[in-house]
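Nothing in this text is a laboratory measurement; each read-out follows from the coordinates by a stated rule. Bear in mind that the values here come from a model prediction, so they are computed numbers and not experimental data. Positions of Cβ are backbone-derived with ideal geometry, glycine not excepted, and every protein chain shown enters the neighbour counts.
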Amino acid sequence: MADLQTSPADIVGAGVAPDGGKYVYCIIRSDRQREFGAIGIGGGQRVYTVAFHDLAAVVSDTPIVIYDPTRENVLAHEFVNETVMKEHTVIPMSFGTVFRSEDDVTELLRSTYQAFSDVLSKMQDKIEFGLKVLWDREKVIANIERENDEIRRLKDEISRDTASSTYFARMQLGRLIDSALEEIGQRYVNDIHDPIKPVAVASRSNKPIGDRMILNAAFLVDRAQEQAFDERVKETSRKYEELLTFKYSGPWPPYNFVNIKLKLEKAD
Amino acid sequence: MGLLSNILFFPVTGPVAGIRWALGKVQTVVEEELTDDSSVKQELMELQMLLELGDIDDAEYVRREAALMQRLRDVREWRERLGKGVSGGPVRVARDEDEGAAE
């Protein structure tokens with residue numbers, strides 16, 4: 001194996017073959033050769049398909065390198081999937097999946113043919129939407145203080161009396177606010193999730209990112225239901241526009257609803 | 001939006017034995033072992049969130065991204081040195097044992 005070297009293009013390469021490698025974006029059903037334009041990762045590589053029977057891998061040529069998940073690379077990966085998705089149901093591949101040769105890609109399709117076919121049938125005309133909800137903690141706390149008598153009483157007590165005895169009052173206040181926050185957060189999540197769920201085929205909650213996020217959900221939606229879903233999300237977000245920030249995104253390939261574990265190994 | 005969390009953690013990937021898929025139910029999020037690698041990825045997602053919320057500007061994003069990329073590379077290098085699996089880089093479908101013996 002060649003020495004690891006860092007190139008300026010954010011990639012670490014074991015520079016053996018210059019372009020024999022194939023970067024794989026997704027798997028689709030297609031019985032003919034397709035071209036998707038010069039939109040591939042690594043500076044606008046040509047994106048095309050490698051076929052096996054009625055399945056095809058959407059690929060572009062690449063040197064054998066490890067791609068860093070920089071925003072530029074990630075967006076290139078995603079843009080290809082978005083483009084392909086306009087006409088096809090896709091099974092997205094993990095970012096940075098590089099095969100050493102076209103034969104290796106064909107082998108992937110051959111050996112995983114049945115699983116890919118099954119999942120493509122299940123995912124036919126389904127798309128994913130993401131919904132992240134963030135709150136402004138200070139605003140919510142201000143609300144809690146207005147509405148919760150005990151918390152208000154404690155606050156008053158603390159502000160009247162600056163002596164050391166307020167230490168315990170402060171501790172108690174902190175605890176009360178924390179548990180009120182948790183309760184309210186859960187209530188928001190349920191109130192947001194419940195009306196949206198029925199218009200989706202499936203939903204999934206992921207771990208929130210950062211400390212301001214209270215909901216990080218993905219929804220699988222039938223294309224026929226896209227508009228209904230959209231309206232439901234917007235309706236719900238209007239209800240909370242004062243207090244919460246909604247980050248609604250999509251359509252995505254069904255990242256959160258396809259779970260195929262490939263038996264891959266490192267190609268040296 | 002959601003981009004990094006999606007493609008860093010969930011999609012089709014290897015190497016793990018077996019082929020399976022699950023659908024139609026809320027899946028349990030199987031937390032990956034919290035390796036250094038995933039904490040960097042977590043920070044990367046938070047960084048993206050900050051950019052989307054307008055808390056940081058582009059220049060700040062690029063600066064912090066570069067630092068995180070360096071950490072990812074460092075982790076990768078260590079894992080390689082220790083003979084542990086590394087994500088990314090060239091892969092191929094694992095051969096059956098009899099075929100593999102021909103290698």
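Taking amide H positions as modeled 1.01 Å from N, with prolines and chain starts lacking one, the residues under 5 Å from A:C26 and 5 or more places away or on another chain are A:V58, A:M93.
Within 10 Å of the Cβ of each residue in A:64-77, the mean number of Cβ atoms contributed by other protein chains is 5.
Once the Cβ-Cβ distance between A:D230 and A:Q33 is put in as r, and R0 is 30 Å, what FRET efficiency do you end up with, to the nearest 0.05?
Working from the Cβ atoms, E equals 0.30.
Summary of packing: across the peptides B:58-70, A:39-51, the per-residue average of other C-beta atoms within 10 Å ranks them, highest first, as A:39-51, B:58-70. The value of relative contact order for chain A, using C-alpha pairs under 8 Å at least six residues apart, is 20 percent.
Under 5 Å between amide hydrogens, built in the peptide plane, is the criterion, and for A:R100 it picks out A:K22, B:V91 among residues at least 5 positions away or on other chains. Here the spin labels are modelled as points 7 Å beyond Cα on the Cα-Cβ line, and at A:R170 and A:Q114 they lie 6.6 nm apart. Using the Cβ-Cβ distance between B:V62 and A:Q186 with R0 = 35 Å, the FRET efficiency computed as 1/(1 + (r/R0)^6) comes to roughly 0.40. Legend: mean number of C-beta atoms from other chains within 10 angstrom of residue C-beta atoms, peptide A:123-133, equals 2.
For the range A:154-198 versus the range A:104-136, the spacing of their alpha-carbon centroids is 41 Å. Taking every C-alpha pair closer than 8 Å and separated by at least 6 residues, the mean separation divided by the residue count of the range A:113-268 gives a relative contact order of 42 percent. FRET efficiency for the A:E138 to A:K197 pair, using the beta carbon distance and R₀ = 30 Å, is estimated at 0.50. Taking every residue in A:207-213 and counting other chain Cβ atoms within 10 Å of its Cβ, the average works out to 5.
Between A:H53 and A:E147, the modelled label-to-label distance comes to 5.7 nm, taking each label 7 Å out from Cα in the direction of the beta carbon.
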